[in-house]
Every structure is written in C-alpha cells, then in structure tokens.
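The structure appears below as structure tokens.
The values are calculated or read from the model by the stated rules, or taken from the named source; none is laboratory data. Only a predicted model underlies this, so the values are computations on that prediction, with no experimental measurement involved. In this analysis, Cβ positions are derived from the backbone assuming ideal geometry, glycine residues included, and neighbour counts consider all displayed protein chains.
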Amino acid sequence: MNAIATPQGLPGQPHIAYAGDQLMVEGVRLSDLAREHGTPLFVYSKAAMLSALAAYQRGFAGRKAQICYAMKANSTLAVLQVFADAGCGFDTVSGGELARVLAAGADPAKVIFSGVGKTRAEMKQALQVGIGCFNVESEAELDVLSEVAVSLDKQAPVSLRVNPNVDAKTHPYISTGLKGNKFGIAHEDALRAYRHAASLPGLKVVGIDCHIGSQITEATPYLDAMDRVLDLVTEIEAAGIAIHHIDFGGGLGINYNGDTPPEADALWAQLLAKLDARGYGQRQIMIEPGRSLVGNAGVCLTEVLYLKPGEQKNFCIVDAAMNDLPRPAMYQAFHQIVPVTPRTDTGAGAGEVYDIVGPVCESGDWIGRDRQLQVAAGDTLAVLSAGAYCMSMSSNYNTRGRAAEILVDGTKAHLIRQRESAFDTFALEQLV
C-alpha cells in the first residue's frame with residue numbers, strides 16, 4: 001500500500017498507517033475487518049512484531065544471547081507462534097502460561113519460569129517438561145524447589161532474581177527493582193542466597209537475573225542495574241559459584257504519546273559496551289522483552305454507540321470497555337485514539353472534545369480523556385498501541401465476552417481468537 005504520512009501524534013509504526021482515507025494494518029483495511037468481525041476487535045501486525053524483534057537481533061549480532069519473549073504482555077497462541085517460529089525463547093510466570101507456550105510449539109529448553117509465587121504443582125510441571133531455567137525470587141522458594149526436584153530425582157536449573165534497588169522511573173505499579181517492591185532478592189542478601197542455593201541437592205545454579213520495571217524510556221536505569229549485577233557476579237564467582245548466564249530482564253518502553261525510548265539495538269550497544277568494559281562481553285546473555293515486541297503492533301477497534309453532551313463533559317460512548325482495555329483504568333495509561341475512516345464533513349460532533357468511555361457500570365471505565373474528535377454514532381475508532389497488556393489482562397466483567405483477535409500478515413487477515421459469547425462466559429458454571 002502507499003501509506004500517507006503518519007498523522008501528528010500517531011505512534012510511529014510504519015505497519016499501521018493511513019492510505020488515503022483508510023487506516024490500514026499492513027495491506028488490510030481496518031474498516032473491512034470491523035465490518036466482517038464486529039467490535040471490539042484486536043488486530044495485530046505480524047510484520048510489526050518481527051520488525052521489533054529484529055532490532056534486538058541486530059543488537060545481539062555476534063553475541064551469545066537468547067531473547068525470551070515475556071508472554072504476559074500478550075499470550076495469544078498465534079502471537080506466541082510468531083515468536084517461536086522466529087527462534088525466541090519465552091519468559092513465563094504461571095503453569096498456565098507454560099502450558100500455553102508449549103501448545104504454541106515452543107522449545108521447553110528455551111523457557112524461563114519467573115514469578116514470586118510458584119506452587120509445587122507448577123514447579124513439578126516445569127521440571128517434568130524440562131524448562132531451561134527457574135528465576136527464583138526468594139530464599140524460601142529455593143528450599144521448596146529443591147524438595148520438589150529431589151522428589152522427581154532431578155536438579156532444577158536456577159537463576160536468582162536480584163533486586164538492585166534501581167529506580168526505573170516508571171509508574172509505581174510497574175516498577176519492580178526497588179526495595180519496596182515484592183520482586184527478587186535484596187542485593188545485600190544475594191551472596192548468602194547463592195551460597196544456600198549451591199548447597200541444596202535439588203538445585204543447579206546457572207545464572208543471575210535482574211528486572212527493574214516496565215515502560216522504561218531511558219537507558220540510565222539499565223546501565224545502573226547492570227553495574228550492580230556485574231558487581232554481584234564478581235562477588236559470587238569469587239565465592240566459587242559459577243554464573244553461566246546473565247539475565248537482564250526486559251522493560252523497554254514504547255511510544256504511547258510522544259514517548260522517546262531508545263531503539264533496542266541502540267540501547268544494547270550501550271549495555272554491551274559496558275559489559276565488554278567490565279570483562280563480561282563473552283558471557284551468555286538472556287533478556288525478556290515483552291511490551292516492546294508487541295505493544296505498537298496492535299490496535300483495538302471499537303464502534304461509537306452514542307454521543308452524550310454534558311454541562312461539564314462530553315462523552316463519546318463506545319462498545320470497548322475497561323474489561324477489553326484495562327490499562328487506562330489500572331494505570332491511568334494513555335492510548336492514542338484515531339478514526340478508522342476520518343470524517344471530512346462538518347456535521348454533528350465535528351471537532352468536539354470528549355471523554356471516550358465504555359458501557360461497563362464503573363466510573364473508572366474510560367479509554368481516553370479530553371480527546372478532540374470529529375465523530376458520529378456508528379463510526380469506528382482505533383485505540384492504538386494496544387498489542388500489550390490489553391487482551392492478556394482482559395476479563396469478563398459485566399458478563400462481557402472477550403473480543404475477537406486478528407493477525408494480519410501482508411494482505412491476509414487470520415482470525416486467531418473467536419469472540420466469546422455470553423454462554424462461553426458461564427459454560428463452566430452449574431446451578432445447585
């Protein structure tokens with residue numbers, strides 16, 4: 001397609017752009033998808049995902065590195081399949097995620113199991129399929145994992161997640177590397193924890209892990225965290241415990257609203273330079289990007305139901321809601337909202353400022369505040385940057401079926417999740 005210039009403020013994603021008067025994902029018109037599949041509807045660009053992944057692959061060219069997609073960002077099977085086919089490993093945080101990624105064709109040896117609250121059943125499940133590594137988050141977890149492994153006559157490969165007390169300068173709900181966060185083992189306790197891990201019969205120490213947060217838009221927190229992690233590697237190996245890989249987590253942000261995070265390859269050029277300077281340039285590296293691979297690859301289509309003028313606020317009521325797009329309600333997050341087919345008339349609703357809200361019975365059910373739109377009932381809007389932490393966090397609140405999903409590959413649009421019906425939402429329930 002011959003895409004016109006990206007409108008002012010639209011996140012710069014070349015695979016999602018206007019061609020004439022139509023918003024396109026790759027070679028497919030979003031208006032056609034909304035008409036065929038209904039709304040709300042999530043649409044993803046395969047090319048955008050692979051382009052984002054390619055930036056990391058360029059950054060690691062010539063290095064021993066494994067990219068493990070953090071699937072909590074978007075765990076739809078076909079999305080996982082895209083990354084599995086591209087050679088990625090996966091970062092999982094539950095037994096359900098592990099089952100999902102294996103169903104998508106992932107190699108279990110490239111799977112990492114993270115999270116602060118792994119159950120014995122989940123540990124057993126992961127050991128039986130032969131995952132690559134457990135990222136352990138507490139000393140108590142070390143003891144339990146060793147017991148489970150011994151009961152299966154196995155050794156669990158472990159990496160300890162260290163909390164470096166570095167401020168990622170992001171939203172407090174998605175900051176994970178400070179002392180007040182629930183994640184990881186305190187930096188000052190790490191050596192003792194490693195000595196304990198090395199003494200347990202069911203564990204094999206293989207690495208060290210660090211993850212400081214999400215939607216990080218500058219390099220400094222990464223550089224600071226790397227220094228603290230490498231200091232620990234030196235100390236741990238001096239105690240006779242070998243560290244085979246260093247896992248630097250994920251968290252790189254995307255452009256939601258004029259955000260300017262570094263490109264993945266540029267960021268890793270800085271980090272690898274520091275790694276080389278510290279003498280660890282040939283060490284095996286693991287990373288766990290999520291949002292930066294899928295966030296700007298997705299849009300959510302929604303139909304305008306009603307325009308409701310008010311004395312203090314004008315409301316644009318749409319059929320997508322906080323159960324479909326939880327980020328604004330949870331984090332006060334900003335998503336660009338644009339028309340799928342921009343209006344050229346000057347009819348009702350032209351140029352008004354609206355709060356875009358959904359049908360859910362909560363005052364927190366809003367998608368965007370104070371947005372100037374030329375819009376009328378029946379129009380289709382596109383909520384941008386909706387590829388991460390939208391569908392994977394969606395719910396059935398108000399007995400609303402979850403949206404359908406489409407994966408676009410060039411001019412082909414594949415239905416990858418059918419829309420849930422009301423019956424689907426209570427199919428597992430029964431009357432007494």
What about E288, is it modelled with pLDDT of 95 or more and within 26 Å of C133 (Cβ to Cβ)? yes
Of all residues in the stretch 348-385 being touching a helix residue (DSSP H, G or I) at 6+ places or on another chain (Cβ under 8 Å) and not in a strand (DSSP E or B), the one that is farthest from Y256 (Cα to Cα): C361
Any residue in the stretch 301-313 that's under 11 Å from V357 (Cα atoms): show its pairings with residues that are assigned to a strand (DSSP E or B) and of a type in the set (D, E) at Cβ separation under 8 Å, as long as the two are six or more apart or on different chains. L307/E352
Which of the residues belonging to the stretch 76-85 are buried (at least 22 other Cβ atoms within 10 Å of the Cβ) and either under 16 Å from K110 (Cα atoms) or assigned by TED's automatic domain parsing to the domain that holds A386 (or both)? L80, V82, F83
Out of the stretch 396-417, which residues are surrounded by 13 or more Cβ atoms within 10 Å (Cβ to Cβ) and part of a loop (DSSP other than H, G, I, E, B)? N396, R400, G401, R402, A403
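Please verify whether V101 is of a type in the set (A, V, I, L, M) and modelled with pLDDT under 95, treating the condition exactly as stated.
On the way: of a type in the set (A, V, I, L, M): yes; modelled with pLDDT under 95: no.
No; evaluated as a whole, the condition is false for this residue.
For the stretch 64-73, does any single residue satisfy the condition of being within 27 Å of I185 (Cβ to Cβ), surrounded by fewer than 18 Cβ atoms within 10 Å (Cβ to Cβ) and at pLDDT 95 or above? Talk me through it step by step, then tell me what you get.
Applying the first criterion (within 27 Å of I185 (Cβ to Cβ)) to the stretch 64-73 yields 64-73.
Checking the rest, the ones that are also surrounded by fewer than 18 Cβ atoms within 10 Å (Cβ to Cβ) come to 64.
Pick out the ones that are also at pLDDT 95 or above and you get 64.
Yes, the stretch 64-73 contains a residue that is within 27 Å of I185 (Cβ to Cβ), surrounded by fewer than 18 Cβ atoms within 10 Å (Cβ to Cβ) and at pLDDT 95 or above.
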With the condition kept exactly as written, say whether any residue in the stretch 122-139 is at pLDDT below 95 and crowded, with 16+ Cβ neighbours inside 10 Å. yes
Condition met for G387 (crowded, with 16+ Cβ neighbours inside 10 Å and out of contact with any His (no Cβ under 7 Å at 6 or more places or on another chain)): yes
Has the stretch 71-88 got at least one residue that is assigned to a strand (DSSP E or B) and within 16 Å of the chain's Cα centre (by Cα)? no
Scanning the stretch 359-382 residue by residue, the ones that are surrounded by 16 or more Cβ atoms within 10 Å (Cβ to Cβ) and within 22 Å of I16 (Cβ to Cβ) total 10
Read through the list (1) modelled with pLDDT under 95; (2) within 26 Å of the chain's Cα centre (by Cα), then give the number of the only condition that G295 fails. (1)
Please work out which residue is farthest from N165 (Cα to Cα), limiting yourself to the stretch 187-207 and to residues that are out of contact with any Asp or Glu (no Cβ under 8 Å at 6 or more places or on another chain), modelled with pLDDT of 95 or more and not basic (K, R). P201
